[in-house]
Amino acid sequence: RALRPHERDGRHAVIVTDLGYGDAGKGSITDWLCRTRNAHTVIRYNGGSQAAHNVVTDDGRAHTFAQFGSGSFVSGMRTVLSRHMLIEPFALFNEAAHLDQLGVHNPFARLFIDRQALITTPFHVAANRLRELGRGDARHGSCGMGVGETVADSLAFPDLALSAGMLPDSTMIRKRLWQIHEAKHAQIAPLLSLLNENSVAAPSLEVFCRPSAVIDAAVDDYAELARRVTLINSDDLRAILDAPGAVIFEGAQGVLLDQDYGFAPFHTWSKTTPTNALDLLSENGFSGDVTRLGVLRTYSTRHGAGPFVTEDHALTDCLAEAHNAESTWQGAFRVGWFDAVAARYAVEVSGGIDAIALTHLDRLPAVESWQIGIGYHGDALSASFDPFFAHTGGHITAIRIHTPPDLTHQTVMAQHLFHCTPIYA
């Protein structure tokens, strides 16, 4: 259904979800919603500092939002980093400094962080990058921001986890950082000698060679962050949701990268469907209107490694982007034709959506003849495909959902997708 204009004194939650591999335009859509829907708060409901949501304003200001909400150019707009976010304080300070230069003065005054949100430390970031480099040609396309390392450690070593509520306690933070350093150093020890001569690895290796300096700087940053932002509990979030007007839930990455339903191992350690946002609304008894807004491009994109059935190298050259270039960690920015099979799968694993924001229509004239992917040819359609795809007349028409989610299933599915070719209309 269409987005409904809400009453000035009503409450409305809009959940912005990317239905692709990311980069569909969530930042621009979030900015637009904040300007047109009487919004007062952006709530980030997944991911961490690896997000890269580009917003360019009418007056020419441009910023790539990572942890601050993409509505921050709107005067008075607040950002809430929910408990499902991972906080990287050093990156947060850099982002705040750039926003301040662009006229968003003292952005920390409008930032609220859930005390349960996990902290990504320099040791998580460095270990993430060293692991990715150690994979050689079999890299996963990681953003290199330590998100997966942080989540994995919180599950395997919960006693070592750092959360935002701990930031004011510098004594405890220092002790915990030393413990994290020791644990991460033991995990990546085999990589230290392997990558010793790798120039790209040098900054990450330095983190483990000079832990005392790294920890001193981190303790100072964490204490300063605790002084400048507002740390909140669940009751505070309920009060924010109860305020009149709209709350925009801004997602990160895309559903096709979801930790449960993405195509492993080329996925993220984050729930990229609307699940986290819906949980937050339910837990806080939200009774206003809720709109699940899916974001899609008129064509498909993927940043980094992984299956991409409709990829077209000629289209990549034709539709190059200023804000999405090749990066050291994710690799190349890849472009392909719109993939209806993948989009339907994303909608289904999201539990359905209420509306679609279709972006990048202004790029259509750059291509003389436009086409979309409506199905796949499999490499060897047989009974082995049945658990993964629905097929009619020898053509794959849909990607099946495995319930409950299973990592092995998603890994095998990814390998099948590498061997699929598109059917166009």
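The values are calculated or read from the model by the stated rules, or taken from the named source; none is laboratory data. Owing to the predicted nature of the structure, the values given are computational and were not obtained by experimental measurement. Please note: Cβ atoms are built from the backbone with ideal geometry, for glycine as well, and neighbour counts cover all protein chains shown. Protein only, heavy atoms only, side chains kept; ligands, DNA and RNA dropped before computing areas. Shrake-Rupley method; radii C 1.70, N 1.55, O 1.52, S 1.80 Å.
Got at least one residue in the range 283-298 being of a type in the set (S, T, N, Q), touching a Phe, Trp or Tyr at 6+ places or on another chain (Cβ under 7 Å) and within 22 Å of SER28 (Cα to Cα)? For the range 283-298, residues of a type in the set (S, T, N, Q), touching a Phe, Trp or Tyr at 6+ places or on another chain (Cβ under 7 Å) and within 22 Å of SER28 (Cα to Cα): present.
Checking each residue in the range 176-198 for being of a type in the set (D, E, K, R) and within 15 Å of VAL125 (Cα to Cα) picks out GLU182, LYS184.
Take the conditions within 20 Å of PRO274 (Cα to Cα), touching a helix residue (DSSP H, G or I) at 6+ places or on another chain (Cβ under 6 Å), assigned to a helix (DSSP H, G or I) and open to solvent by less than 30 Å² (accessible area, probe 1.4 Å) and apply them to ALA357. Does it pass?
Details: within 20 Å of PRO274 (Cα to Cα): yes; touching a helix residue (DSSP H, G or I) at 6+ places or on another chain (Cβ under 6 Å): yes; assigned to a helix (DSSP H, G or I): no; open to solvent by less than 30 Å² (accessible area, probe 1.4 Å): yes.
The answer is no for ALA357.
A residue that is open to solvent by less than 20 Å² (accessible area, probe 1.4 Å), at pLDDT 95 or above, in contact with a Cys (Cβ under 7 Å, 6 or more places away or on another chain) and not charged (D, E, K, R) cannot be found anywhere in the range 22-33.
For (1) buried (at least 19 other Cβ atoms within 10 Å of the Cβ); (2) without any contact (Cβ under 8 Å) to a residue 40 or more places away in the chain; (3) out of contact with any Lys or Arg (no Cβ under 9 Å at 6 or more places or on another chain); (4) closer than 26 Å to HIS63 by Cβ, each residue gets a yes or a no:
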{"site": "ASP221", "(1), (2), (3), (4)": "no, no, yes, yes"}
{"site": "SER234", "(1), (2), (3), (4)": "no, no, no, no"}
{"site": "ALA239", "(1), (2), (3), (4)": "no, yes, yes, no"}
{"site": "PRO265", "(1), (2), (3), (4)": "no, no, yes, no"}
{"site": "THR268", "(1), (2), (3), (4)": "yes, no, yes, yes"}
{"site": "LYS271", "(1), (2), (3), (4)": "yes, no, yes, yes"}
{"site": "PRO274", "(1), (2), (3), (4)": "yes, no, no, yes"}
{"site": "VAL295", "(1), (2), (3), (4)": "yes, no, no, yes"}
{"site": "HIS303", "(1), (2), (3), (4)": "yes, no, no, yes"}
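All conditions in (1) at pLDDT 90 or above; (2) under 24 Å from the mean Cα position of the chain (by Cα) hold for GLY373, with the sole exception of (2). The set of residues from the range 202-259 being touching a Ser or Thr at 6+ places or on another chain (Cβ under 6 Å) and not in a loop (DSSP other than H, G, I, E, B) comprises VAL219, ALA223, ILE240, VAL247, ILE248, GLU250, VAL255, LEU257. Being part of a loop (DSSP other than H, G, I, E, B), buried (at least 24 other Cβ atoms within 10 Å of the Cβ) and modelled with pLDDT under 95, is that true of even one residue in the range 7-15? Looking through the range 7-15, none of the residues is part of a loop (DSSP other than H, G, I, E, B), buried (at least 24 other Cβ atoms within 10 Å of the Cβ) and modelled with pLDDT under 95.
Against the definition (without any contact (Cβ under 8 Å) to a residue 24 or more places away in the chain, open to solvent by 60 Å² or more (accessible area, probe 1.4 Å), of a type in the set (Asp, Glu) and not in a helix (DSSP H, G or I)), how does GLU197 come out, yes or no? Yes: the conditions hold for GLU197.
Tallying residues that are in contact with a Lys or Arg (Cβ under 7 Å, 6 or more places away or on another chain) and open to solvent by less than 10 Å² (accessible area, probe 1.4 Å) within the range 253-263 yields 1.
Among the residues of the range 401-419, not a single one is open to solvent by less than 70 Å² (accessible area, probe 1.4 Å), closer than 18 Å to THR310 by Cα and not in a helix (DSSP H, G or I). All of ALA217, ALA189 fail the test of being open to solvent by 20 Å² or more (accessible area, probe 1.4 Å) and either within 30 Å of ALA264 (Cα to Cα) or among the β-branched types (Val, Ile, Thr) (or both), apart from ALA189. Looking across VAL74, VAL80, VAL104, one residue alone is open to solvent by less than 10 Å² (accessible area, probe 1.4 Å) and assigned to a loop (DSSP other than H, G, I, E, B). It is VAL104. The residues of the range 282-315 that are aliphatic (A, V, I, L, M), under 25 Å from GLY375 (Cβ atoms) and in contact with a strand residue (DSSP E or B) (Cβ under 8 Å, 6 or more places away or on another chain), listed by number, are VAL295, LEU296, ALA305, VAL309, LEU315.
Go over the candidates SER28, SER49, SER75, SER70 one by one and state the one that is without any contact (Cβ under 8 Å) to a residue 24 or more places away in the chain and at negative phi.
Going through SER28, SER49, SER75, SER70 in turn, just one is without any contact (Cβ under 8 Å) to a residue 24 or more places away in the chain and at negative phi: SER75.
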